[in-house]
Structures are given as C-alpha cells and as structure tokens.
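Beneath this line is the structure, given in structure tokens, with notes to follow.
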Amino acid sequence: MSEFRNSFGESIFRNKYALNETQTWAEKVDDLMHDVCTGILSPEDSEYLGSAMKQFKFMAGGRYIYYAGRQASFYNNCYLLKGEEDTREEWGKLTQRASDCLMSGGGIGIDYSVFRPSGSPLGRTGGEASGPLPLMNSINEIGRNVMQGGSRRSAIYASLNWQHGDAQKFLTAKDWHALPIAEGVTVFDAKQNNFNFPAPLDMTNISLNYDDKFLDAVNNGFLPETFVQNCRQALMTGEPDFPLTSETKRMKHSGTLVPKSLVRMIQMCVILEVLILAQLMISRSSEQSFESPRCSLSQARSQQTFQLKKCMLLDRRTEGSVLV
C-alpha cells in the first residue's frame, strides 16, 4: 500500500524531492528530523512532529524536504535582492547574486528602481543607458538555464517603481501577443503551442510598485494614469501586479501611535477604493476617453466607506488601536 494519498502526490515526491528512486516518504521525514531538529527539539517533540509529517498532518517547506539527507543544506525558499547602486559594476554583482541564489534552489525577488531609465546619458563611457529592462531579461535567461538539481524551475520576481522613467515600457514588457515572429504568428501563439518556447520575462513575475506618493495622490482625489493603465494591462495579461510598498511614517491619532497592522489595513482599503475607481474607468474607456481620473472619485467613496469600516472593526482586537 502506498504511503501517499494519491498517485499525483507520489509522483511529485519521486520527481522533485526524493534522494533516489527507492527512498520512502518515511525515510525522508526521518532525515529531515535528524538534519533540522537535532539539538533544537526534544526527542519526544521530534518524534511527535515526525509522526505528524508521515501522516501528512503537517508539512515542512519544500526546501527543507528537498535538502533533507543531502550534503548541502540550502533551506531558504526566497531571497530579496535589489539594485544597490546605479552603476555598471552593480549589474554584474546583481547578476552573480541572482545566479548564486537560484542555484541554491531559492526564488529571488529583485527591485530595479535604482537603475536610471533608458535614454539617460552615461557619464563615464558616453552614450545612453539601456534602462533596467535588459538586465531583467538577462536574469530571466539565467533563470531559464538554472534548474536547481535538474528538476526545480527558477522562481523570479521583478519590480519597478510606478514613477520610474521606464514604467510604461515595463507595463507592456510581457505583451507577447504584440510580438510577431512570423506572418500571422506571435510569441503568444508559439507559447500556447509550446510552453517552453522562450518569451520576454517568461520566467519572471513582474510588479509595478506603488508608494506613499501614490497614496497621497489618491487621498487628494487624483488617480494616477499609470495605475489605470496597470489595471487595464493586468486584466489583459495578468500582469503587472500592483503591490503597495509604502514607507508610511508614524501616524498619530489623538496623540496615540496607530499600530502598523492598522496602517496596513487602511492602506488596503485605499487600494480597494482605487480598484473601484479603475473598474469604473476601464468599463467606460472602451466607449469614450476620459479627461481626468479625478471625476470618478466621489462615485466610489460610498462603496469604499463600508470596506474601510470593516477594516477598522477587524482591527479592534489589536493592542493600541485607536481608530474604531
């Protein structure tokens, strides 16, 4: 009788995690308990945890399972990288860091906002900068060719600030349907026919990041056009995503600091408002162009107010909460 609940689970274990063709799930769990829990958990707790894993009542992270019993121990699932400085040397350093992380089996997230936009002058060498998109594509190709252990595909995330000079190019970087490769055939068509057909940033999830300046614009009654385009693009191709990477400073209400959890909830309510606005504008943009995003703000206020109250009520249990 199989240790697994179905053949699909067993297939994943055999192809992605097992040390060899004969290793059992119980043996893998024993290796994991020895490698990770020795000296940390008591023998009783380790036995209890191992029993739960063997019965699939608890599951460790994928990297822990994969490296259990192996000579190397690369347990990190994800690495957050970023461009540290706008230099050609940093291009090389970032590429090496990305390659090292991917070869360990971890996914990488990289923010490229520090790099100057395409067309910017180059002081030391002369000429014009290519912008960060070629670097994104270079790291994408590293991911295509680095398959850790011969079985694990690379996981890559790329982000850019919404006010970056190349934000518009970034928005449409994965418009494969607009990239012809032959008469009547696009990259999208080829990708549909063969999933492994190479396409721009096909190994990479992309996001346009929105910060405090974006929140300030929305709170002042103005929805930036870039966000509207972002929503429209995401509806067509599924990307870019639009996370809020706000660095909101301390907020005060009646002299009391608002907890970070509540700040985040309020920010999410702002995003709800923005999504309502975008939906209103996208639905009518197919029939007529609009002059200013400002005009629809009042229409969405009443719908968003209920969501804001829900967020506040959800946070009443948070210690130090002052907005109720």
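The values are calculated or read from the model by the stated rules, or taken from the named source; none is laboratory data. Owing to the predicted nature of the structure, the values given are computational and were not obtained by experimental measurement. Ideal geometry is used to build each Cβ from the backbone, glycine not excepted, and the neighbour counts take in all protein chains shown.
Of all the listed residues (Leu102, Leu94, Leu135), the sole one being more than 23 Å from Leu171 (Cβ to Cβ), touching a residue at least 12 places away in the same chain (Cβ under 8 Å) and in a helix (DSSP H, G or I) is Leu102. Among the candidates Asp45, Asp35, the residue that is assigned to a helix (DSSP H, G or I), surrounded by 14 or more Cβ atoms within 10 Å (Cβ to Cβ) and out of contact with any Pro (no Cβ under 6 Å at 6 or more places or on another chain) is uniquely Asp35.
Scanning segment 6-48 for residues that are more than 13 Å from Ala68 (Cα to Cα) and over 31 Å from the mean Cα position of the chain (by Cα) turns up Glu21, Thr22, Gly39, Ile40, Leu41, Ser42, Pro43, Glu44, Asp45, Ser46, Glu47, Tyr48.
Check whether at least one residue in segment 53-76 is in a helix (DSSP H, G or I) and among the small types (Gly, Ala, Ser), and report yes or no. Yes. Among the residues of segment 19-32, the one identified as surrounded by 13 or more Cβ atoms within 10 Å (Cβ to Cβ) and more than 14 Å from Lys54 (Cα to Cα) is Leu19. Applying the criterion of being touching a strand residue (DSSP E or B) at 6+ places or on another chain (Cβ under 8 Å), assigned to a helix (DSSP H, G or I) and of a type in the set (A, V, I, L, M, F, W, C) to the residues of segment 167-195, the residue that is surrounded by the fewest Cβ atoms within 10 Å (Cβ to Cβ) is Ala178.
Considering the conditions (1) on the phi > 0 side of the Ramachandran plot; (2) touching a residue at least 40 places away in the same chain (Cβ under 8 Å); (3) assigned by TED's automatic domain parsing to the domain that holds Ala158; (4) of a type outside the set (D, E, K, R), Thr204 is excluded by exactly one of them, (1). Please find, within segment 79-112, the residue that is farthest from Val146 (Cα to Cα) out of those that are surrounded by 19 or more Cβ atoms within 10 Å (Cβ to Cβ) and in contact with a Leu (Cβ under 6 Å, 6 or more places away or on another chain). Step by step, filter segment 79-112, then rank; the result is Tyr112.
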